[in-house]
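Before any comments, here is the structure.
The values are calculated or read from the model by the stated rules, or taken from the named source; none is laboratory data. As the structure is a prediction and not an experimental result, all values here were calculated from the model. When we count neighbours, we look across all protein chains shown, and the Cβ atoms used for this are built from the backbone with ideal geometry, even at glycine. When the accessible area is computed, the model is the full protein with side chains, heavy atoms only, and any ligands, DNA or RNA have been set aside. Shrake-Rupley method; radii C 1.70, N 1.55, O 1.52, S 1.80 Å.
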Amino acid sequence: MASAEILDAPVPVRLTGEAYATAVRQGARRLKEELIRKTLEDADSWARAVATQWDEEHPGVPQRRGITEEEFNRYQDRVRTEDYEWVVPYFERHLEPDPVQFDAVILLLGQIEAKFGGDAQTSGGWTGSSSALGRINDVRGEMVHWAGEFRTNFINSFVTPLESTLPNHRELVRLAGDQMKLTRLIYMRRREAVLKLLDQAIRATQAVTSKSSVDATLKWGTIIMVVVGTVIGAFNPGVALLTTGVLLEVGGTVGQGLLPDRPDEEKLPLGAPTASEVAINVATALGQISSEFAEAERQAANALFTLTRAVEGERMRGGTPGTNPFIVPAPAITTATRAQIIEDLHPAR
């Protein structure tokens with residue numbers, strides 16, 4: 001799948017709104033129940049739980065061969081009501097934001113881009129535009145019927161810059177839209193990662209048994225799309241923003257899919273000999289999701305800031321003729337007196 005197709009792909013229903021929230025909460029509750037069940041039913045898991053609780057209650061005191069019935073019941077109750085209470089809240093931290101929230105601004109930017117119509121060219125020309133904006137191209141031809149300094153100034157200082165300024169505005173809107181689509185994709189990947197982790201964590205917990213070795217295939221490796229940055233091209237009159245682009249890096253290839261897998265050697269283990277060790281591995285994997293996507297968010301924010309800063313820098317240069325790709329200075333005729341217009345603008349002979 002091409003990068004443009006991935007950026008424009010709608011958010012899958014399962015990753016939106018209540019459908020996603022329900023899947024996360026149900027999956028997290030099921031994982032919690034499986035962790036509790038395995039801790040109580042699996043001999044090695046229960047022995048580890050007892051050892052952990054004993055050490056907390058009797059620091060520095062070696063565990064005796066057995067525990068009292070009162071301790072046994074208290075330890076079981078703690079497993080059921082305390083040890084895994086963190087599971088659901090930890091996964092609920094990944095409920096927001098909903099990638100669909102970006103659709104409104106993406107749609108608006110698309111509508112603004114469409115209003116410009118046409119396509120920008122590397123020469124700064126403007127072709128295939130709507131009939132209204134196409135009039136910009138017609139003015140130059142119509143001015144051939146006039147002569148004088150105001151006619152020359154009008155073409156050179158207004159019409160020509162305007163022909164490249166409008167494409168620049170269009171490309172700027174397009175770029176902002178792509179950056180928002182890229183940010184939306186970050187959260188789509190995050191939600192996909194959370195659901196995938198839940199599924200694999202449940203499998204890893206169910207695989208815990210004192211009668212077999214750890215399932216080494218149960219590993220976790222998120223892989224995310226990284227916003228490398230927004231590359232701002234030279235803003236020169238007559239040069240459209242075609243040199244401006246959003247760079248994507250998705251494990252090397254955008255086309256690998258919504259959540260391509262990491263090489264096996266880069267994955268974290270999920271499988272473990274006991275339920276409590278599986279829980280620790282799941283918590284570590286959740287931390288990996290949080291840290292990786294926090295970095296993706298930071299780079300996405302930096303990319304938007306870079307774009308804003310570049311445009312703001314150009315805007316601060318004002319309407320100086322020949323220097324600003326977004327602002328066209330008013331032609332000299334707008335401030336001329338009637339006498340000056342009569343003298344310096346007249347029909348061509």
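Set the Förster radius R0 to 51 Å, insert the Cβ-Cβ distance between Glu312 and Thr81 as r into 1/(1 + (r/R0)^6), and round the FRET efficiency to 0.05. Mind dumping the intermediate values first?
On the way: r = 55 Å, r/R0 = 1.09.
About 0.40, to the nearest 0.05.
Mind ranking 294-301, 201-208 by how tightly packed they are, going by the mean number of other C-beta atoms within 10 angstrom, highest first?
Ranked from most to least packed, the peptides come out as 201-208, 294-301.
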With r defined as the distance between the Cβ atoms of Leu95 and Thr335 and R0 fixed at 56 Å, what FRET efficiency is calculated, to the nearest 0.05? 0.45
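Looking at segment 1-107, which GluC sites (Glu not before Pro) are DSSP coil and have at most 11 other C-beta atoms within 10 Å of their C-beta?
Details: sites: Glu5, Glu18, Glu33, Glu34, Glu41, Glu56, Glu57, Glu69, Glu70, Glu71, Glu82, Glu85, Glu92; in loops: Glu85.
For GluC sites (Glu not before Pro) across segment 1-107 that sit outside H, G, I, E and B with at most 11 neighbouring Cβ atoms in 10 Å, the list reads Glu85.
Which entries of Lys181/Lys267; Lys115/Lys181; Lys196/Lys267 show an alpha-carbon separation above 25 angstrom in the structure shown? Don't skip to the answer; put the middle values down first.
Working: Lys181/Lys267 28 Å; Lys115/Lys181 19 Å; Lys196/Lys267 14 Å.
Check vs 25 Å cut-off fails for Lys181/Lys267.
Can you give the extra length, in nm with one decimal, that the chain gains between Ala47 and Thr217 once fully stretched, where that is 0.36 nm per residue apart less the Cα-Cα distance?
Numbers: separation 170, 0.36 × 170 = 61.20 nm, distance 2.48 nm.
Contour length minus Cα-Cα distance gives 58.7 nm.
Where the accessible area of segment 1-101 is counted over protein heavy atoms with a 1.4 Å probe, how much of it, in %, is carbon and sulfur? If you can, show how the numbers build up before the last one.
Numbers: 3000 of 5890 Å².
Ligands and nucleic acids excluded, carbon and sulfur give 51 percent.
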Karplus 3J(HN,Hα) series, Hz, for segment 51-61 with 6.51 cos²θ - 1.76 cosθ + 1.60 (x for Gly, Pro): 4, 5, 5, 4, 4, 5, 7, 10, x, x, 9
